[in-house]
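**Q** First the structure, which I've put down as C-alpha cells, then a few questions once you've had a look.
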Amino acid sequence: MDEYRTTNLANWDERVAGHMAPDGYGVDRLVDDPEHITSVVRHDAAKLGSVEGLTVLHSQCHIGTDTLSWAKLGATVTGLDFSPKAIAAARSLAERMGIDAAFVETELYDAPSHIEGTFDLVYTSVGAICWLPDITKWAEIMAGFVKPGGRFWIRDSHPALMALDDGRDDTQLIVRYPYFHQPKPINFSDTESYLGTATLVNPDSYSWAHSIADVMNALIDAGLVLERFDEYQHLDWQFFTFMEEIEDGVWALPENVRDNVPTQFSILASKP
Ligand SMILES: C[S@@+](CC[C@H](N)C(=O)[O-])C[C@H]1O[C@@H](n2cnc3c(N)ncnc32)[C@H](O)[C@@H]1O
C-alpha cells in the first residue's frame, strides 16, 4: 500500500469507534429493531427493487450498517473493506443481529485475491470512490464480481459538489478543488469525522477526484452496460455546515441554492 492509502487506513481505522458510539451511525437501533434499515439502503432499495434471495457484494462496506440492511431485506451479503477495525465492528454487529454475513478485510485493489465468485448485485455507496486512486482498475474489479445477468450499482457524492469549498459557512458555492482527476491526491486534515464527537489523532486523509465521464467510461470499458444515470439534491452526510437535514441523516442545500449543484449521482449497470 502506498503512503497515501496507509494514511487513509489509519484515519478510517480511527473513525470506527466514534461511528459505533451512540451519536454515530445509530447501530443500536439497527440491532434492536428488526424492521429498521439505513436511510441509504431505503433509498437505494426503492431504485433497485427486491433483493430477496440475491447475493450482494458491498464494496467499501465500512462498519456494515448498509450491508446488514441489505441482509434484513433478504439478501445474502458479503462486505469488503480495508479497515480491520471496520471489519471487526461489522462482524460484531452481524453477530449481535444474528445475521450470517461475510465481512472480508482487503484493500480494494486486492479484493479478487480474497473474495471468490460472482454476485447478483455489486453495490457501493456514499463516500467510496474518492478514496481510490485508479478508477479504471476499480471498475474492472467491480465488473469482475458481477454475475452474467447481474447488476452493479453506485451512489456516491457528486464530483461537482466535491470540487466546492466545504470550509465556507455562508451559502456561496465556490470551486476550490479540481473536478477532473489528477494522479496526486488532495490532502485533507480534519480532527472530526462526519458523525460522532471523537477527536481524531490521525486527522490526515488523501482523496482523488473522478469525473462523471471517467466513472461511466471506466464501467463501460470494463464490460458493463449502463442502464440508468441519476443526479440528486440530497446527501447522506453533511458536506456544508449550512446544509439542512431534510430527514433523519439526509441533508440538502438550502432551497435558494438547491438547484445550483447536484449533491450525489447514481449509476445502475448490468452485465450481459
Ligand atoms: C465513507 S465509508 C463508505 C461507507 C459506507 N457508504 C457507509 O457509510 O457505511 C468509506 C470506506 O471506504 C474504505 N476504504 C477507503 N479506502 C479503501 C481501500 N483502498 N480499499 C478498501 N476500502 C477502502 C474505508 O475504510 C471506509 O470504511
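FYI, it's all coordinate maths here, none of it is from the lab. The structure presented is a predicted model; accordingly, all values stated were derived computationally and were not measured. Neighbour counts are summed over all protein chains in view; Cβ atoms, including those assigned to glycine, are modelled from backbone coordinates with ideal geometry.
**Q** Using packing as a proxy for protection, rank 121-130, 100-109 so that the peptide with the highest average count of other Cβ atoms within 10 Å comes first.
**A** Working: 121-130: 21.9, 100-109: 17.3.
Packing order, densest peptide first, comes out as 121-130, 100-109.
**Q** Moving on. For the range 152-254, state which GluC sites (Glu not before Pro) are in a DSSP loop and have at most 13 other beta carbons lying within 10 Å of their beta carbon. Write down the numbers at each step before the final one.
**A** Details: sites: GLU192, GLU227, GLU231, GLU244, GLU245, GLU247; in loops: GLU192.
Answer in residue order: GLU192.
**Q** Identify, among GLY18, CYS61, LEU226, the residue whose Cα sits farthest towards the positive end of the charge dipole of the chain, taking +1 on the Cβ of Lys and Arg and -1 on the Cβ of Asp and Glu, with the dipole about the Cα centre.
**A** Among GLY18, CYS61, LEU226, the one farthest towards the positive end of the dipole of the chain is LEU226.
**Q** Enumerate the calculated ³J(HN,Hα) couplings along the range 32-46 in order (Karplus 6.51 cos²θ - 1.76 cosθ + 1.60, θ = phi - 60°), each rounded to whole Hz, writing x wherever the residue is Gly or Pro.
**A** 7, 10, x, 7, 6, 10, 5, 5, 4, 6, 4, 5, 6, 5, 5
**Q** Just how far, in whole angstrom, is the range 8-36 from the range 149-176 if you go by their alpha carbon centroids?
**A** So the two Cα centres are separated by 23 Å.
**Q** Given the options PHE242, PHE152, PHE188, which has the most mean-square fluctuation in a GNM of the chain, springs set between C-alpha atoms less than 10 angstrom apart?
**A** Highest fluctuation among the options: PHE188.
**Q** Arrange the peptides 205-215, 161-171 so that the one whose residues have, on average, the most other Cβ atoms within 10 Å appears first.
**A** Order by mean packing, descending: 205-215, 161-171.
**Q** Under 5 Å between amide hydrogens, which residues at least 5 positions from VAL261 or on another chain qualify, with H placed 1.01 Å from N in the peptide plane?
**A** Close amide H contacts, sequence-distant or interchain: none at all.
**Q** Quick one: compute a quarter of the convex hull surface over the Cα atoms of the chain and quote it in nm². List each step's numbers first, then the result.
**A** On the way: hull surface 52.8 nm².
Projected area, direction-averaged: 13.2 nm².
**Q** Taking R0 as 25 Å, what FRET efficiency do you get between THR241 and ARG29 from their Cβ-Cβ distance, rounded to the nearest 0.05?
**A** On the way: r = 25 Å, r/R0 = 1.02.
Once rounded, the FRET efficiency stands at 0.50.
**Q** When the Karplus curve 6.51 cos²θ - 1.76 cosθ + 1.60 is applied with θ = phi - 60°, which whole-Hz ³J(HN,Hα) does each residue of the range 83-96 get, with x for Gly and Pro?
**A** The phi angles translate into 8, x, 5, 5, 5, 4, 5, 4, 5, 5, 5, 4, 5, 4 Hz.
**Q** Which FRET efficiency, nearest 0.05, do VAL257 and ASN202 yield, Cβ-Cβ r, R0 35 Å? Provide the component values of the computation, followed by the final result.
**A** Numbers: r = 33 Å, r/R0 = 0.95.
Once the sixth-power term is evaluated, E becomes 0.60.
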